[in-house]
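One structure is given below, encoded as structure tokens.
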Amino acid sequence: MNRECLNHLLTEEERNHFQEQGYLYVPNALTSEMVKHLINVIDKIHNNALSTGRAKPNNHWGFSNFLGEDDAFLDLVDMSTTLPKVWGILGWNIYLYHAHMHVKPSAPAEAQDGDGWLEWHQDSGRVNIEMETHPRPRLSLKVAYFLTDVSEPGRGNFYIRPGSQLSDMPLPETEISRDPREKTASGIPDDAMPVCVEPGTAVLFDRRLWHSRSPNTSEMTRKALFYGYGYRWIRPKDDMEVEHLYERCDPIRRQLLGDAVRNNGRYVPTDEDVPLRGWLIEQFGEESVYSQSPVGI
């Protein structure tokens with residue numbers, strides 16, 4: 001674990017903002033050199049997908065099994081500017097259960113606001129129907145790394161409704177996945193806002209935060225990476241092939257990639273299952289790993 005992360009611990013102000021609003025901006029999470037390198041690698045992967053037909057020209061494209069494509073993707077798993085915020089919110093029994101890259105070229109001219117492009121939803125599909133709690137449980141969060149300039153609306157920004165993570169809008173019990181309303185929504189709710197940030201900014205958001213994609217009507221192609229962290233007893237959401245990466249990783253990164261001594265260790269972990277916990281104890285003491293930790297763990 002890079003000790004640089006100790007300079008980026010979750011502050012009390014950040015904690016309160018995330019709990020109340022459901023999101024948190026982390027400016028300059030990535031250096032300009034990192035952004036440039038990541039864009040170059042994504043372009044190569046995307047161009048390969050275009051050449052093989054896995055992606056179509058001028059269409060939005062997403063890809064999940066990319067962590068082994070370049071060391072830079074692997075480095076983001078325990079990024080020093082963002083991981084301390086993640087463990088500060090979720091605690092130490094966590095791993096990366098979900099990751100995807102997005103490439104969003106310019107949309108057709110007819111894709112304008114209010115033309116059915118809003119798809120308001122909470123993440124995790126059936127979780128929102130089958131968990132019998134109020135409000136719905138947080139369970140996980142995402143870290144979105146924006147690599148291109150989305151500092152203005154109309155650039156494929158994703159929209160959020162701040163504070164809505166505590167709002168349990170009714171979902172139909174018969175729906176197999178998401179609320180079908182997301183396919184028919186038009187107009188922008190009064191409480192919605194576009195996420196407008198500079199390249200290299202990371203945005204953490206609660207999986208329960210109601211959010212939506214929007215079209216890219218600019219001249220540029222939006223490129224972003226999303227890393228989803230959840231508790232180790234949650235099943236992986238993507239078909240990520242990561243086991244072959246373990247031998248290249250330190251123990252904490254292996255934990256974050258889903259390694260475990262035994263299956264029950266995801267529910268009742270041993271020290272070997274969760275080296276992140278041991279590292280936090282070394283840095284902050286035994287009390288730091290309690291649920292009400294004063295250092296945000």
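Observations on the structure shown:
- Test for Pro57: is it open to solvent by 10 Å² or more (accessible area, probe 1.4 Å) and in contact with a helix residue (DSSP H, G or I) (Cβ under 9 Å, 6 or more places away or on another chain): yes
- Verdict on Tyr227 being surrounded by 14 or more Cβ atoms within 10 Å (Cβ to Cβ), hydroxyl-bearing (Ser, Thr, Tyr) and more than 30 Å from Ile188 (Cβ to Cβ): no
- In region 129-145, residue modelled with the highest pLDDT [restricted to those that are over 17 Å from His98 (Cα atoms) and open to solvent by less than 30 Å² (accessible area, probe 1.4 Å)]: Pro137
- Residue within region 201-224 that is among the acidic types (Asp, Glu), touching a helix residue (DSSP H, G or I) at 6+ places or on another chain (Cβ under 7 Å) and in a loop (DSSP other than H, G, I, E, B) present: no
- Members of region 1-18 that are touching a residue at least 40 places away in the same chain (Cβ under 8 Å) and either among the charged types (D, E, K, R) or in contact with a strand residue (DSSP E or B) (Cβ under 6 Å, 6 or more places away or on another chain) (or both): Glu4, Glu12, Glu14, Arg15, Phe18
- Of all residues in region 39-62, none satisfies being in contact with a Gly (Cβ under 7 Å, 6 or more places away or on another chain) and aliphatic (A, V, I, L, M).
- Output for region 18-54, where each listed residue is under 21 Å from Thr221 (Cα atoms), touching a Ser or Thr at 6+ places or on another chain (Cβ under 9 Å) and among the β-branched types (Val, Ile, Thr): Val35, Ile39
- Members of region 60-88 found to be touching a residue at least 40 places away in the same chain (Cβ under 8 Å), closer than 12 Å to Tyr227 by Cβ and in a loop (DSSP other than H, G, I, E, B), listed by number: Ser64, Leu67, Met79, Thr82
- Answer residue from region 1-15, given it is in a helix (DSSP H, G or I) and closer than 18 Å to Val77 by Cα and is modelled with the lowest pLDDT among those: Arg3
Results for (1) among the aromatic types (Phe, Trp, Tyr); (2) open to solvent by 70 Å² or more (accessible area, probe 1.4 Å); (3) free of Cβ contacts under 8 Å to residues at least 60 places away in the same chain; (4) touching a strand residue (DSSP E or B) at 6+ places or on another chain (Cβ under 9 Å), shown as yes or no for each residue.
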| residue | (1), (2), (3), (4) |
| --- | --- |
| Glu20 | no, yes, no, no |
| Val26 | no, no, no, yes |
| Glu33 | no, yes, yes, no |
| Asn40 | no, yes, yes, no |
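- Taken together, the criteria place Pro153 among residues that are touching a strand residue (DSSP E or B) at 6+ places or on another chain (Cβ under 7 Å) and in a loop (DSSP other than H, G, I, E, B).
- Every residue from region 16-51 that is at pLDDT below 95 and among the β-branched types (Val, Ile, Thr): none
- Some residue of region 111-123 being farther than 16 Å from Arg213 by Cβ and either at pLDDT below 95 or in contact with a strand residue (DSSP E or B) (Cβ under 9 Å, 6 or more places away or on another chain) (or both): no
- Of all residues in region 122-136, those satisfying the criterion of being out of contact with any Asp or Glu (no Cβ under 7 Å at 6 or more places or on another chain) and touching a residue at least 12 places away in the same chain (Cβ under 8 Å) are Gln122, Asp123, Ser124, Gly125, Arg126, Val127, Asn128.
The values are calculated or read from the model by the stated rules, or taken from the named source; none is laboratory data. Predicted model only: the values in this text are computed from it and were never measured. Every residue, glycine as well, gets a Cβ built from its backbone with ideal geometry; the counts of neighbours run over all protein chains shown. Areas reflect the complete protein model, heavy atoms only, side chains present, ligands, DNA and RNA absent. Shrake-Rupley method; radii C 1.70, N 1.55, O 1.52, S 1.80 Å.
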